[in-house]
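One structure below.
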Amino acid sequence: MPQKPLTTLTVEKTEGITWITFNRPEKRNAFNPTLIFEMEELLLELETDDETKVIVLTGAGNSWSAGMDLKEFFREADESPALRYRSFSSFERWAGEVLSMSRKPSIAMVNGYCFGGAFIPLCSCDLAIAAEDAVFGLSEINWGVIPGGAVAKVITDTMDIRDALYYAMTGKTFDGKRAAELKLVTYAVPREKLREETILLARQLMEKNPTVLAFTKQAIKTVRHLSHSDALEYLGAKSMALRFADRAGTRDEGIRKFIDEKEFRPGFEPVKGKDR
Ligand code: COA
């Protein structure tokens, strides 16, 4: 855990899941510099924490996060180039790179308001489950700013261009059900089932070999920005790297159980269960 006590986050570890809660409910969990710095330190710490098998990001109160703190991140930082630079670059690091490519799988559990800059960690999480009545908005247009700081990039990477333009240009809000239709979140569930469904999904991830899981997510995210031939080169090298990194030998073990022992038939899995 980070050296200093956390003031804007709470962390709870249960059965392999590390629940990180943005904890500024009185400010609807807006990202101020303190929260930004605490998140970066915490995520770096969790990267090598054996107790953490899955990371869940959620928010205290009625909000996931109201986005960048308009007072502390925008107005006050306007007066302090050093604070602006440090908080902006820290945010881009953890909410973009670190979270997105982390060896730990992540789930955004969107319990309420999700605006503007909050779309960056939302899109960086590998999976996202929203309450059906959560409220999303690309509200930058209402503040006279563009969806900057990578927001425009992550929404066009995640959503269809027509939808990204529509919601960014109108600033209209939409609910969790619509977010699932837009594939901004993986799926939406009734609010009372949000935590239960998140645990269910986390457990499914924990059944997989963690190294293979990390390599899988990293491969999928990386190839999106590569040409076809570069992707083939990269995937070939990544596959070889996994043979060395996976100490459990999951590949050989799976083939042995299927071919020799005939006790493992993953092809039957989809008909055994629903998609969630
Ligand atoms: N930055 C800074 N403070 C914020 C904030 C933000 N992004 N979002 C909410 N707050 C603060 C409010 O200023 C208020 O503080 P105060 O009690 O000191 O006056 C407090 O959080 C509660 O906000 P309030 O608007 O009263 O809560 P609500 O539950 O009625 O509405 C929202 C919640 C999220 C719908 C509303 O606060 C809102 O629209 N926030 C702006 C969201 C946004 O556009 N973010 C993108 C920024 S680029």
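The values are calculated or read from the model by the stated rules, or taken from the named source; none is laboratory data. All figures in this text were calculated on a predicted structure; none of them were measured in a lab. Cβ: placed from backbone, ideal geometry, glycine included. Neighbour counts: every protein chain shown. The protein model used for the area step is the full one, side chains on, heavy atoms only, and it has no ligands, DNA or RNA in it. Shrake-Rupley method; radii C 1.70, N 1.55, O 1.52, S 1.80 Å.
Normalised by the number of residues in the chain, what is the relative contact order in percent for Cα pairs under 8 Å and 6+ residues apart? Taking the mean separation of contacting Cα pairs over the length of the chain, I get 14 percent. Looking at region 124-168, the accessible area is 45 square angstrom per residue; that uses a 1.4 Å probe and ignores ligands, DNA and RNA. Each label point is 7 Å from the Cα along the Cα-to-Cβ direction; what then is the distance between the points at ALA237 and TYR85, in nm? Each label point is offset 7 Å from its Cα along the Cβ direction, giving 3.2 nm.
For the cross-link pairs LYS177/LYS257; LYS104/LYS183; LYS71/LYS221; LYS27/LYS172, the ones whose C-alpha atoms lie over 30 Å apart are LYS177/LYS257; LYS71/LYS221.
Spin-label model, THR48/ASP230: points 7 Å from Cα along the beta carbon direction are separated by 3.1 nm.
Computed per residue of the chain from DSSP H runs no shorter than four, each worth -39500 (n - 2.57), the mean residue ellipticity at 222 nm is -12000 deg cm²/dmol. To put it simply, the accessible area of the chain at a 1.4 Å probe is 56 percent carbon and sulfur.
Listed values for region 123-129 are Karplus-derived 3J(HN,Hα) couplings in whole Hz (6.51 cos²θ - 1.76 cosθ + 1.60, θ = phi - 60°), namely 6, 6, 4, 5, 9, 9, 10, and x replaces Gly and Pro. The distance from the alpha carbon centre of region 48-89 to that of region 219-252 is 32 Å, rounded to a whole number.
Ordered by solvent-accessible area of protein heavy atoms (1.4 Å probe), largest first, the residues LYS262, LYS208 come out as LYS262, LYS208. Give the long-range amide H neighbours of ALA188: residues separated by 5 or more places, or on another chain, with amide H under 5 Å away, using H modelled in the peptide plane at 1.01 Å from N. Those qualifying (amide H under 5 Å, at least 5 residues apart or on another chain) are ALA130. Among the GluC sites (Glu not before Pro) in region 68-100, those placed in a DSSP loop whose Cβ has at most 13 other Cβ atoms within 10 Å are GLU79. Our summary gives region 117-276 a relative contact order of 22 percent, counting only alpha carbon pairs under 8 angstrom and 6 or more residues apart. Measuring with a 1.4 angstrom probe and ignoring ligands and nucleic acids, SER227 comes out at about 50 Å² accessible.
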